[in-house]
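The values are calculated or read from the model by the stated rules, or taken from the named source; none is laboratory data. This one's a predicted model, so the numbers in the text were calculated from it and none came from an experiment. All Cβ positions, even for glycine, are placed from backbone atoms using ideal geometry, and neighbour counts span all protein chains on display. With ligands, DNA and RNA removed, areas are computed over all heavy atoms of the protein, side chains included. Shrake-Rupley method; radii C 1.70, N 1.55, O 1.52, S 1.80 Å.
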Amino acid sequence: MTKAPIAPRLTPLNLHTLASGTESELHDRGSYEALRFDGCDLEGFNLAGSTFELCEFLRCNAHNTDIRYARCIETRFELLSAPVLSARSTTWRNCEVHSSRLGVVEMFDAEISELAIEGSKLGLLNLHSSTINDLSIRDCHIEELVLDNASLTRVSFSGVTVDKLSLRGATSRDVDLRGLDFAGIEGVESMKGVTVSSLQTTEMAHLFARHLGISVLG
């Protein structure tokens, strides 16, 4: 009997007691703890290599913000706006993203452990070559989701639509795609360890046939 995939293991955030932070104190390679940044305009900021622990970002503009190599630990982002976000080689540990509008998110080579993304719209989410453990995406629309060469463990989707999904070279364990409605998929050969619904299997039959070299006529 086939076992159901194990769901992501997520720890609820506790961010009740936070001091107010301002954009003037933010800089690259900084270290910030227990701060709430509300309504900050971070466009063009260089925050590369910074560490944010027990922080919250509300209603912030992060267009062209550079957070490469940054570490986000027990941190929440809500109503974040970022048409372009540079997030290469970032670390995300027990974080949440809610009700945000993100365009191009270059987040490849990331280390993710417990991340929830909910109620958001994203253009390109590039997680190429990332190591991902315990990722939950709910009630989102993503134009393009790139998981090429990523290591995926306990990943689930619920109420999510994706225009284009790419799994080339990915390795998966307990990855549940049943709550994902995707218009197109690349990397069928890398779907070992993925769970799909019977309807999704039917819809992808032509892709499986093409991968196996099967001709379907009539």
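Say whether the condition of being crowded, with 20+ Cβ neighbours inside 10 Å, aromatic (Phe, Trp, Tyr) and over 15 Å from Leu115 (Cβ atoms) is met by at least one residue in segment 41-55. Among the residues of segment 41-55, at least one is crowded, with 20+ Cβ neighbours inside 10 Å, aromatic (Phe, Trp, Tyr) and over 15 Å from Leu115 (Cβ atoms), which makes the answer yes.
Put simply, of Phe52, Phe57, Phe37 the only residue that is in contact with a helix residue (DSSP H, G or I) (Cβ under 8 Å, 6 or more places away or on another chain) and not in a loop (DSSP other than H, G, I, E, B) is Phe37.
Residues that are charged (D, E, K, R) and on the phi > 0 side of the Ramachandran plot within segment 136-159 comprise Asp139, Arg154, listed in sequence order. When residues in segment 79-92 are screened for being open to solvent by 30 Å² or more (accessible area, probe 1.4 Å) and part of a strand (DSSP E or B), 5 of them pass.
When segment 124-145 is filtered for residues that are closer than 17 Å to Glu186 by Cα and open to solvent by less than 20 Å² (accessible area, probe 1.4 Å), the ones remaining, listed by number, are Leu125, Leu127, Ile142, Leu145. Taken together, the residues in segment 150-166 that are of a type in the set (A, V, I, L, M) and outside any strand (DSSP E or B) amount to 1.
Of the residues contained in segment 66-78, none is found to be surrounded by fewer than 20 Cβ atoms within 10 Å (Cβ to Cβ) and more than 24 Å from Ala48 (Cβ to Cβ). Taken as a whole, the condition of being closer than 30 Å to Leu167 by Cβ and surrounded by 17 or more Cβ atoms within 10 Å (Cβ to Cβ) applies to Cys95. Restricted to segment 31-40, and to residues there that are within 15 Å of Ser100 (Cβ to Cβ) and hydrophobic (A, V, I, L, M, F, W, C), the residue that is surrounded by the most Cβ atoms within 10 Å (Cβ to Cβ) is Phe37.
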